[in-house]
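Student: This structure is in structure tokens; I'll ask about it shortly.
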Amino acid sequence: MLLLKTPSVLPGFKTSLGLTVLCLSLLVVLPFAMMAVKAGEIGWTAFWQTISEPNVLAAVWLSLRMSFYAMLTNIVFGTLVAWVLVRYEFPGKSLVNALVDLPFALPTAVTGIALATLYAPQGWIGSLFAPLGIKIAFTPVGIWIALVVVSLPFIVRSVQPVLEELSAEYEEAAATLGANRLTVFRRVLLPEITPALLTGAGMMFARATGEYGSVIFIAGNIPMVSEILPLIITGKLEQFDVQGASAVALFMLMISFAILFLLNAGQWALSKRAGAKA
């Protein structure tokens, strides 16, 4: 029996798929493949020696730790900002909504210089903490602040559309039944926004681990203390050690892929559970 294929309602699938694969290959797969090839030229022994250098491991740990802290901070405050923008009407709301995207619009170097000036011991905010012996700029704390600033929009823009689709009537109904604010958030809002939170957290973590421009001016760049991984890669490139820089970059790429895979797996599991309940 001859089976006839039903033509697609939207024509041009093969052409669109081919262009998509071509663009992804040229823009994503090919650069990463060349980086892996370049790193592989030094051999496994040299690769392991490069990524196990004390300053490299310290920079990796610092980048991952500060990115994780920034992610946790933005999950809390980014969700709060999104909730305020969706649920309340107030003067200047459009301005606040536009300010959320400001870290995307500004060059990262501008953000880094502004933060370093503000939190330096002689800056407006840094001078308030200096008499207490607390130093913000040129320490890991300054790195954390810079990562929070540049990655905040990822959480806000991921959660905001979900909250807009979620009617406020559900929250009002829960409050009518006697639920307090914490219970309303935990039982009504959190299950709905968790997949979006994981998506935003994954994107912002990936951005934070590789952030360079805004961090370099406020980090201090002290080896084993406040030296971030992108600075290690840049330093090796300035020494014309392309293979060593590729090895460190590949190592960081592997870590980022592993973390993103775990976050995406968690999001898939939550979506599947929500679909099963529905």
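Student: Six or more apart or on different chains, Cβ atoms under 9 Å: show the pairs whose first residue is in the range 97-121 and part of a helix (DSSP H, G or I) and whose second is acidic (Asp, Glu).
Tutor: Hits for this filter: Thr108/Glu211.
Student: Also, quick follow-up: Mind telling me which of the residues Leu177, Leu250 ends up being more than 27 Å from Gly142 (Cα to Cα), open to solvent by 20 Å² or more (accessible area, probe 1.4 Å) and either of a type in the set (A, V, I, L, M) or touching a His at 6+ places or on another chain (Cβ under 7 Å) (or both)?
Tutor: Leu177
Student: So, one more: Which of the following residues is assigned to a helix (DSSP H, G or I), farther than 17 Å from Ser214 by Cα and of a type in the set (S, T, N, Q): Ser151, Ser94?
Tutor: Ser94
Student: Does Ala206 qualify as being without any contact (Cβ under 8 Å) to a residue 24 or more places away in the chain and of a type in the set (Gly, Ala, Ser)?
Tutor: So Ala206 does not fit the description; no.
Student: Val150 versus (1) over 30 Å from Thr108 (Cα atoms); (2) touching a Lys or Arg at 6+ places or on another chain (Cβ under 9 Å); (3) among the aliphatic types (A, V, I, L, M); (4) buried (at least 19 other Cβ atoms within 10 Å of the Cβ): which is the lone unmet condition?
Tutor: (1)
Student: Among Trp61, Trp44, which is the only one that is at pLDDT below 85, aromatic (Phe, Trp, Tyr) and in a helix (DSSP H, G or I)?
Tutor: It is Trp44.
Student: Right, here's the next one. In the range 228-265, what count of residues is obtained for those that are in a helix (DSSP H, G or I) and either more than 16 Å from Leu62 (Cα to Cα) or more than 21 Å from the chain's Cα centre (by Cα) (or both)?
Tutor: So the count comes out to 21.
Student: Please specify each residue of the range 69-101 satisfying the condition of being within 25 Å of Leu253 (Cβ to Cβ) and open to solvent by less than 90 Å² (accessible area, probe 1.4 Å).
Tutor: Result: Ala70, Met71, Leu72, Thr73, Asn74, Ile75.
Student: Can you find a residue that is open to solvent by 30 Å² or more (accessible area, probe 1.4 Å) and in contact (Cβ under 8 Å) with a residue 60 or more places away in the chain anywhere in the range 232-240?
Tutor: For the range 232-240, residues open to solvent by 30 Å² or more (accessible area, probe 1.4 Å) and in contact (Cβ under 8 Å) with a residue 60 or more places away in the chain: absent.
One line per residue, one yes/no per condition, for (1) at pLDDT 90 or above; (2) crowded, with 16+ Cβ neighbours inside 10 Å:
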{"residue": "Ala105", "(1), (2)": "no, no"}
{"residue": "Thr108", "(1), (2)": "no, yes"}
{"residue": "Thr111", "(1), (2)": "no, yes"}
{"residue": "Tyr119", "(1), (2)": "yes, yes"}
{"residue": "Gln122", "(1), (2)": "no, no"}
{"residue": "Gly126", "(1), (2)": "no, yes"}
{"residue": "Pro131", "(1), (2)": "no, no"}
{"residue": "Ile134", "(1), (2)": "no, no"}
{"residue": "Phe138", "(1), (2)": "no, yes"}
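Student: Could you please give the count of residues in the range 49-58 that are open to solvent by less than 50 Å² (accessible area, probe 1.4 Å) and either closer than 18 Å to Phe257 by Cα or of a type in the set (D, E, K, R) (or both)?
Tutor: So the answer is 1.
Student: With the condition kept exactly as written, say whether any residue in the range 211-223 is out of contact with any strand residue (DSSP E or B) (no Cβ under 6 Å at 6 or more places or on another chain) and at positive phi.
Tutor: yes
Listed here are the residues, each with its yes/no results for (1) at pLDDT 85 or above; (2) in a helix (DSSP H, G or I); (3) among the basic types (Lys, Arg).
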position: Leu190; (1), (2), (3): no, yes, no
position: Leu197; (1), (2), (3): yes, yes, no
position: Met204; (1), (2), (3): yes, yes, no
position: Pro223; (1), (2), (3): no, no, no
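Student: Where residues in the range 157-174 are free of Cβ contacts under 8 Å to residues at least 24 places away in the same chain and under 15 Å from Arg87 (Cα atoms), which of them is most open to solvent (accessible area, probe 1.4 Å)?
Tutor: Among those that are free of Cβ contacts under 8 Å to residues at least 24 places away in the same chain and under 15 Å from Arg87 (Cα atoms), it is Glu165.
Student: What residue, of Ser8, Ser16, is at pLDDT 80 or above and of a type in the set (Gly, Ala, Ser)?
Tutor: Ser16
The values are calculated or read from the model by the stated rules, or taken from the named source; none is laboratory data. What you see is a predicted model; the values in this text were computed from it and never measured. Every residue, glycine as well, gets a Cβ built from its backbone with ideal geometry; the counts of neighbours run over all protein chains shown. Each accessible area value is taken on the protein alone, full model and side chains, heavy atoms only, with ligands, DNA and RNA left out. Shrake-Rupley method; radii C 1.70, N 1.55, O 1.52, S 1.80 Å.
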